[in-house]
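Worksheet: one structure, shown below.
The values are calculated or read from the model by the stated rules, or taken from the named source; none is laboratory data. In this text the structure is predicted, and so the values were computed from the model without any measurement. Glycine gets a Cβ as well: all are built from the backbone with ideal geometry, and neighbour counts include every protein chain shown. Surface accessibility is based on the protein's heavy atoms, side chains included, excluding ligands, DNA and RNA. Shrake-Rupley method; radii C 1.70, N 1.55, O 1.52, S 1.80 Å.
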Amino acid sequence: MSTDAPRAHAPSATRVYYVVFAVLLVCTYLTWQVAYFDLGRLNTVVALTIAGLKTTLVVWFFMHARSSPRLTLVIAFGGLLWLAILLALTAGDYLTR
Amino acid sequence: MSSHGSRALAHQFEDLDQQREVASLGMWLFLVTEVLFFGGLFLVYSIYRGWYPEAFAASSHELLVWAGTLNTVVLITSSLTMALAVHAAQTGHRRALIGLLLATMILGCAFLGVKAFEYRTEYLEHHIPGAAFQFEPEHFLHAQIFFSLYFIMTGLHAVHMIIGLGVMAVMVWMSWRGLITSEYYNPIEVSGLYWHFVDIVWIFLFPLLYLIGRHVH
């Protein structure tokens, strides 16, 4: 940032971004390292959990979901709902054959 | 509202806040369709991986894990510069905005460069499915399913990156021309949403393609 004056509007905004960035890097390191341990089926669970956590951080902070109107959040969660239907119904078919 | 009569405000909106919310909502709606687009591919991946876990693990082991990890870091960094760019737009820092958009584009190009190097490596190792494909005999058929999915998923992701770079180039131009102000920065905000989404897709592609079966071999 070139001048200090406009910072007064949102003093902590960019700081949050740097913290989120650091956490995302730590998560990337974790997901990479944990892959070398044999946890059986838990390997995939851990990988997807970390990916889900990273996604939540990106959506909540970088994509401003935390300051978005409720309608936007409904649309976003609606996407997850449709994805869940897609995955659940197809899995319900393939896993029970 | 005091913002009435602002040149940045299109006539169909009550005020700038409503205009901003509508623009973001439209992009979110598009991103929902993108979630389902990539969701279908992840679904196909999951079914085949469930059927042929050994072939998938053996194939995944052939990918360049350092390149995938490096690209994850590159994309996360580009998401940071993008978030900072939106903030610079909000606070009216034109030079910082242009610099951060260019940084985002450079990181995006770096990602594609690493990806191109990976594709070249896979080409040289005969890991592109088809007549020239080579793999250990017991997984020969099913490894091609993995590599087909790998090229389709990372390829479509790369197409999204290239489109994102085009969008960012337009954003740099708009910022350069002074069309982006602290009142009207919707294009930057909405482009940022798209860029972050493409980052999220990679956040899932990385462990599912590169890291499965690392512990086996």
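Looking at region A:13-31, can you tell me whether even one residue there is outside the structural domain of A:L83 (by TED's automatic domain parsing), under 28 Å from B:E54 (Cα atoms), surrounded by fewer than 19 Cβ atoms within 10 Å (Cβ to Cβ) and polar (S, T, N, Q)?
No; the residues of region A:13-31 include none that is outside the structural domain of A:L83 (by TED's automatic domain parsing), under 28 Å from B:E54 (Cα atoms), surrounded by fewer than 19 Cβ atoms within 10 Å (Cβ to Cβ) and polar (S, T, N, Q).
Looking only at region A:32-43, how many residues end up being surrounded by fewer than 20 Cβ atoms within 10 Å (Cβ to Cβ) and at the interface with another protein chain (Cβ under 7 Å from one of its Cβ atoms)?
Adding up the residues that qualify gives 3.
Condition first: more than 11 Å from chain A (Cβ to nearest Cβ), buried (at least 18 other Cβ atoms within 10 Å of the Cβ) and not small (G, A, S). Now tell me which residues in region B:75-117 satisfy that.
Hits for region B:75-117 are B:I98, B:L101, B:T104, B:M105, B:L107, B:F111, B:K115.
Which of the residues belonging to region A:48-75 are facing another protein chain (nearest Cβ under 7 Å) and touching a Pro at 6+ places or on another chain (Cβ under 8 Å)?
A:A51
List the number of the failed condition for B:L36; all other conditions in (1) under 30 Å from B:E138 (Cα atoms); (2) of a type in the set (A, V, I, L, M); (3) open to solvent by 40 Å² or more (accessible area, probe 1.4 Å) hold.
B:L36 satisfies every listed condition except (1).
Might you let me know whether region B:47-61 holds any residue that is buried (at least 18 other Cβ atoms within 10 Å of the Cβ) and among the charged types (D, E, K, R)?
Within region B:47-61 (the criterion being buried (at least 18 other Cβ atoms within 10 Å of the Cβ) and among the charged types (D, E, K, R)), the answer is yes, since at least one residue qualifies.
Among helices (runs of 4 or more DSSP H) lying entirely in region B:1-119, which contain 2 or more residues that are small (G, A, S) and more than 30 Å from B:T154 (Cβ to Cβ)?
Passing ranges, in order: B:65-90.
Could you count how many residues in region A:40-62 are among the hydrophobic types (A, V, I, L, M, F, W, C) and either under 15 Å from B:P207 (Cα atoms) or not in a helix (DSSP H, G or I) (or both)?
The total comes to 8.
Suppose we filter B:G130, B:G213, B:G192 for residues that are surrounded by 15 or more Cβ atoms within 10 Å (Cβ to Cβ) and either at pLDDT below 95 or in contact with a Cys (Cβ under 6 Å, 6 or more places away or on another chain) (or both); which single one remains?
B:G213
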